[in-house]
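A quick write-up on the structure given underneath.
We did not get these values from a lab; they are worked out from the coordinates using the rules stated. Being a predicted model, the structure only gives us computed values, none of them experimental. Cβ atoms come from the backbone with ideal geometry, glycine included; neighbour counts cover every protein chain shown.
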Amino acid sequence: MAQAMRLAYPARLETLEGTVLVSFPDVPEALTEGATRAEALSEAADCLVAALGGYANERRAIPRPSPARGRPLVELPALAAAKLALHQAMIEQKLSNVALAKRLGTVEGAVRRLVDLDHRSHIGQVESALEVLGRRLVVEVRAA
């Protein structure tokens, strides 16, 4: 059985010539920057979504986040995290878009949109697809 996966990645921050650079040890393709630490970290989630979207487009497994070890964690937006969890479940079960569409009683294009990070799917549709794959979406709300 697959382990739970929280899509919150530790960030490495480095100041270079007055700019704060953000990188992610687990997702080397994700690099961003900002004038301040706060600005750099606010850009970091979008940067991660773009980089992990590349993984999904190439049908690559989503890397597991490593322990924070004192580094700030950057969490993905809920819909993006749900779509990436669906993508990962499909990879682990060696399931194509067509095969999942059959299980859901829909067409391949609908599944393609469910895993497309640029498409605004309804979270309930992604949640239903996850359930078909034996997964459950859990949402947690914390103080900001």
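Name the single residue, out of those in the range 106-144 being assigned to a loop (DSSP other than H, G, I, E, B), among the aliphatic types (A, V, I, L, M) and in contact with a helix residue (DSSP H, G or I) (Cβ under 8 Å, 6 or more places away or on another chain), that is nearest to Ala56 (Cα to Cα). Lay out the reasoning, then the answer.
Here is the first cut: in the range 106-144, the ones assigned to a loop (DSSP other than H, G, I, E, B) are 106-107, 116-122, 133-144.
From what's left, among the aliphatic types (A, V, I, L, M): 107, 117, 133, 137-139, 141, 143-144.
When the remaining residues are screened for being in contact with a helix residue (DSSP H, G or I) (Cβ under 8 Å, 6 or more places away or on another chain), the result is 107, 117, 133, 137, 139.
Working: Val107: 19, Leu117: 9, Leu133: 17, Leu137: 18, Val139: 22 Å.
Across the range 106-144, the extreme among qualifying residues is Leu117.
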Qualifying positions in the range 89-105 - polar (S, T, N, Q) and part of a loop (DSSP other than H, G, I, E, B):
Gln93, Ser96
If Ser121 meets every condition in (1) within 19 Å of Ala4 (Cβ to Cβ); (2) touching a Leu at 6+ places or on another chain (Cβ under 6 Å) apart from one, which number is that one?
(1)
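Report whether or not Arg71 is basic (Lys, Arg) and either loosely packed, with under 14 Cβ neighbours inside 10 Å or more than 25 Å from Arg12 (Cα to Cα) (or both).
In short, no.
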Listed residues Ala82, Ala89; which is in contact (Cβ under 8 Å) with a residue 60 or more places away in the chain, surrounded by 19 or more Cβ atoms within 10 Å (Cβ to Cβ) and small (Gly, Ala, Ser)?
Ala89
Quick one: in the range 6-21, of everything that is hydrophobic (A, V, I, L, M, F, W, C) and more than 12 Å from Ser66 (Cβ to Cβ), which residue is surrounded by the most Cβ atoms within 10 Å (Cβ to Cβ)?
Leu7
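Looking at the structure I just gave you, is Val49 touching a residue at least 60 places away in the same chain (Cβ under 8 Å) and of a type in the set (A, V, I, L, M, F, W, C)?
On the way: touching a residue at least 60 places away in the same chain (Cβ under 8 Å): yes; of a type in the set (A, V, I, L, M, F, W, C): yes.
Yes.
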Being more than 13 Å from Pro72 (Cβ to Cβ) and touching a residue at least 24 places away in the same chain (Cβ under 8 Å), is that true of even one residue in the range 30-44?
no
Sole exception among (1) exposed (fewer than 14 other Cβ atoms within 10 Å of the Cβ); (2) under 20 Å from Ser42 (Cα atoms) for Gly105, by number:
(2)
